[in-house]
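Q: Take a look at the following structure, please.
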Amino acid sequence: MLLDCALVYDDEVLCGWAYPNCMEARTHKLAAEKFSTGVQASKVDMHSSLDAILKNDQTVALWGGTGKSAAFINTYGLDASRFPIVVDSDEAKCGKFVPGTGQEIVHSTNLLQNPVGVIVITTRWRATDIYQEITHRQIPHDRVLYLDGNMLVDYRE
């Protein structure tokens, strides 16, 4: 039974307070367990993919540093010492820092003067427009990756 519902964080998040019946509680518990298992598998795949990139001496830039991107960076433990480069095309975010990990967010055009081998798009839902921006601005790179399911995949594949 739904008790209350509200939009919070500048209307970006919908929160609901409910009192589930026993069947709903069981269904939600199973869904939460499945989600947790998927996140753990995704962390293993993410770490092995990024470790392989770093072992090949390729520099990585994370594209996006606030909101969902910050959640991505923190969930996968992409710390400032191993992943110091975080870019965004939103000038309002530049000069700020990724919550929880502390990387300074610089403008994406910084990659024109300081190219990297791999760009990781941290928000899957923005992958297409970010890739179009990379192409339009002719930002040099070897690969552009994003999270699809539990794996990092090349945008061009």
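The values are calculated or read from the model by the stated rules, or taken from the named source; none is laboratory data. Note that the coordinates shown come from a computational prediction; the quantities given were computed from them, not determined experimentally. No Cβ is skipped: glycine too gets one built from the backbone with ideal geometry, and neighbour counts run over all protein chains shown.
Q: Hey, could you check the stretch 7-38 for residues that are among the aliphatic types (A, V, I, L, M) and in a strand (DSSP E or B) and say which is surrounded by the most Cβ atoms within 10 Å (Cβ to Cβ)?
A: Taking the candidates together, the pick is ALA18.
Q: Please specify each residue of the stretch 81-99 satisfying the condition of being within 15 Å of the chain's Cα centre (by Cα) and over 20 Å from THR109 (Cα atoms).
A: Passing the criteria: only PRO99.
Q: Could you list, in sequence order, the residues of the stretch 52-82 that are of a type in the set (Gly, Ala, Ser) and without any contact (Cβ under 8 Å) to a residue 40 or more places away in the chain? Write out each step before concluding.
A: Within the stretch 52-82, the subset of a type in the set (Gly, Ala, Ser) is 52, 61, 64-65, 67, 69-71, 77, 80-81.
Hits for the stretch 52-82 are ALA52, ALA70, ALA71, GLY77, ALA80, SER81.
Q: Still on this structure: Residues that are touching a helix residue (DSSP H, G or I) at 6+ places or on another chain (Cβ under 6 Å) and at pLDDT 95 or above, at least 2 per element: which helices (runs of 4 or more DSSP H) completely within the stretch 44-157 meet that? So that I can check it myself, show each step before the final result.
A: Details: elements: 68-75, 110-113, 127-136.
Those helices (runs of 4 or more DSSP H) do not exist here; none qualify.
Q: Return the only residue of ASP57, ASP88, ASP142 being farther than 14 Å from LEU152 by Cα and buried (at least 21 other Cβ atoms within 10 Å of the Cβ). Step through it out loud before you land on a result.
A: Values: ASP57 fails: buried (at least 21 other Cβ atoms within 10 Å of the Cβ); ASP142 fails: buried (at least 21 other Cβ atoms within 10 Å of the Cβ).
Criteria check complete, one pass: ASP88.
Q: Sticking with this one: Could you please find all residues in the stretch 113-133 being closer than 20 Å to ALA92 by Cβ and hydrophobic (A, V, I, L, M, F, W, C)?
A: Scanning the stretch 113-133 gives ILE121, TRP125, ILE130.
Q: I'd like the residue in the stretch 18-51 that is of a type in the set (Gly, Ala, Ser) and free of Cβ contacts under 8 Å to residues at least 60 places away in the same chain and, out of all such residues, is farthest from GLU104 (Cα to Cα).
A: So in the stretch 18-51, the residues of a type in the set (Gly, Ala, Ser) come out as 18, 25, 31-32, 36, 38, 41-42, 48-49.
Right, trim to free of Cβ contacts under 8 Å to residues at least 60 places away in the same chain and you get 18, 25, 31-32, 36, 48.
Values: ALA18: 39, ALA25: 41, ALA31: 36, ALA32: 33, SER36: 29, SER48: 25 Å.
By that ranking, first place goes to ALA25.
Q: Which of the numbered conditions does ASP4 fail, given that it passes all the others? Conditions: (1) of a type in the set (Asp, Glu); (2) within 17 Å of the chain's Cα centre (by Cα); (3) part of a strand (DSSP E or B).
A: Going through (1) of a type in the set (Asp, Glu); (2) within 17 Å of the chain's Cα centre (by Cα); (3) part of a strand (DSSP E or B) one by one, ASP4 breaks only (2).
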